[in-house]
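The values are calculated or read from the model by the stated rules, or taken from the named source; none is laboratory data. Everything numeric here is computed off the predicted structure, so don't read it as measured data. We place every Cβ from the backbone using ideal geometry, glycine too, and count neighbours over all the protein chains shown. Surface areas here come from the heavy atoms of the whole protein model, side chains and all, with no ligands, DNA or RNA. Shrake-Rupley method; radii C 1.70, N 1.55, O 1.52, S 1.80 Å.
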Amino acid sequence: MDGTDALSIAVIGDLANIDRAQWDALANPAGQPYDPFLCWDFLQALEESGCASAARGWQPAHLLARDASGAAVGAMPLYAKDHSYGEYVFDHGWADAMQRAGGRYYPKLQCAVPFTPVPGRRIFARDAAVESALAQAAIGLAQRAGASSVHATFASAEQCARMASLGYMTRVGLQYHWFNRGYASFADFLADLSSQKRKTIRRERARACEGVSIRRLRGDEIESADWDFFFDCYMDTGSRKWGSPYLNRKFFALLAERMADTCVLFVAEADGTPVASALNLIGGEALYGRYWGRIADIPFLHFELCYYQAIELAIELGLPRVEAGAQGEHKLARGYVPAPTYSAHWIAHAGLREAVKRYLEAETPAVTDEAELLMEHTPFRKSE
């Protein structure tokens, strides 16, 4: 008897169907570092704004586990999807292979924070038995709904390892994170770098700030006009990178209304006119760089707003790291080092499952080798 015999697991659909306090007690329990992306306010804002909705190919199908007393003891943010956009763990090749073989890859089930490549817990549970029951329930839901697969993206390494016993395959990826080595100031961080890299960063910062001033705004300091300008920047960047940005103005309005204290906006101004901005969220153990954009092309301003300002703030707040989003080898020269990310994948079709297994067996050591090679090119001073 493991206590799960009296467990009930239900599909709650929209997050509005569960009490905010109940969800948050599971997603951000006392004693664990606060993750702003797992909280009810953030996820429900994605749904209420229509960004994560059936109309956009993100049908909420969240799972909620209750014990015999009716108390909520576990949850799994889950979406039924008919595409692979907004995930940042790319499985388009898997979908193509399935379709070429005459099968259907969509719909699939996605356990994730939509549009947010931030690692963290993906199943919130009182204990390992409840976590396992939820992971199995997702498989059961996929089988009943005719979904091809279940994917838990940007999960913790520990959760992926536990899910492997249920038939989930682990995929490894790379991001670039900055780690705080007990620095008291940005100058302390620079002192850790090679002389050449120190000079390069100082030069980049000086160039970026020629005729430019930078305002740091947090919480209620971010006024509606600041959010409007930021959104214009976001739309410009998103239109160029993705063609169609994933988030709308209503989402950011809800974020400002519900989670202002976690938001930090860096705004660059030239002659009193805003020219660029970058949005960060503050967590319990990290500063998360999320979106940036500009209306003027100023050399090195991207690095200043997105990387150097974030490092300065993390040092001031005593945060262990900065996570600046997906991809970007250019981060390496700015002190951000390779950090592994993990995802777990269950696939129903035996043939595709075996093909993905072989693919991952080849991909994983390649990613590991890449990380080791990249670490040789970090800007930090080499040990004697």
Please give the per residue accessible area of the stretch 103-210, computed with a probe of 1.4 Å over protein heavy atoms only, in Å².
38 Å²
Report ³J(HN,Hα) in whole Hz for each residue of the stretch 84-101, in order, from the Karplus equation J = 6.51 cos²θ - 1.76 cosθ + 1.60 where θ = phi - 60°; Gly and Pro get x.
10, 8, x, 10, 6, 10, 8, 10, 4, x, 5, 5, 5, 4, 5, 6, 5, 7
Might you tell me the accessible area per residue for the stretch 223-275, computed with a 1.4 Å probe and given in Å²?
44 Å²
With an 8 Å cut-off on Cα pairs and a minimum separation of 6 or more residues, tell me the relative contact order of the chain in percent.
19 percent
Using only Cα atoms, find the angle between the long axis of helix 195-208 and the longest principal axis of the chain, and express it within 0 to 90 degrees, rounded to the nearest 10.
80 degrees
Quick P(r) readout (the stretch 279-381; Cα-Cα; 5 Å bins; whole %) gives 2, 10, 17, 17, 15, 13, 10, 8, 5, 2, 0
For the stretch 45-159, take the convex hull of the Cα atoms, compute a quarter of its surface area, and give me that in nm², please.
7.9 nm²
Using only the alpha carbons of the stretch 205-303, determine the length spanned along each of the three principal axes and report them from longest to shortest in whole angstroms.
35, 30, 27
Residues of the stretch 302-337 with amide nitrogen under 14 Å from the 7 Å Cα-to-Cβ point of Phe380?
321-322, 332-337
7 Å from Cα along Cα→Cβ at both Ala206 and Ala253: what's the point-to-point distance in nm?
4.6 nm
Using only Cα atoms, tell me the angle between helix 350-375 and the longest principal axis of the chain; keep it within 0 to 90° and round to the nearest 10.
20 degrees
Sites Arg353 and Asp271 - FRET efficiency at Förster radius 56 Å, r taken between beta-carbons, to 0.05:
0.40
So if each residue of separation counts as 0.36 nm, and I subtract the Cα-Cα distance between Ser244 and Ala10, what length gain in nm does that give?
80.9 nm
Angle between the Cα long axis of helix 249-258 and the longest principal axis of the chain, 0 to 90 degrees, nearest 10?
90 degrees
To the nearest Å, what is the center-to-center distance of the stretch 32-62 and the stretch 259-337, using C-alpha atoms only?
23 Å
With Cα springs under 10 Å, the Gaussian network model of the chain assigns the largest mean-square fluctuation among Cys263, Cys51, Cys209 to Cys209
Taking the Cα centre as origin and putting +1 on Lys and Arg beta-carbons and -1 on Asp and Glu beta-carbons, what dipole magnitude results for the stretch 253-360, to the nearest 20 debye?
700 debye
For the pairs Lys108/Lys357; Lys331/Lys357; Lys108/Lys250; Lys250/Lys331; Lys199/Lys382, flag any whose C-alpha to C-alpha distance is greater than 24 Å.
Lys331/Lys357; Lys108/Lys250; Lys250/Lys331
What percentages, rounded to whole numbers, describe P(r) for the chain computed over all alpha carbon pairs with 10 Å bin width beginning at zero?
5, 22, 31, 26, 13, 4, 0
Which value in Å does the Kirkwood hydrodynamic radius of the stretch 158-270 take, with 1/r averaged over all unlike C-alpha pairs and then inverted?
18.3 Å
At q = 0.22, 0.24 Å⁻¹, the log10 of I(q)/I(0) for the stretch 1-111 from a Debye sum over equal Cα scatterers comes to -1.18, -1.29
Take the solvent-accessible surface of the protein heavy atoms, probe 1.4 Å, and return the percent of it on the chain that carbon and sulfur atoms account for.
51 percent
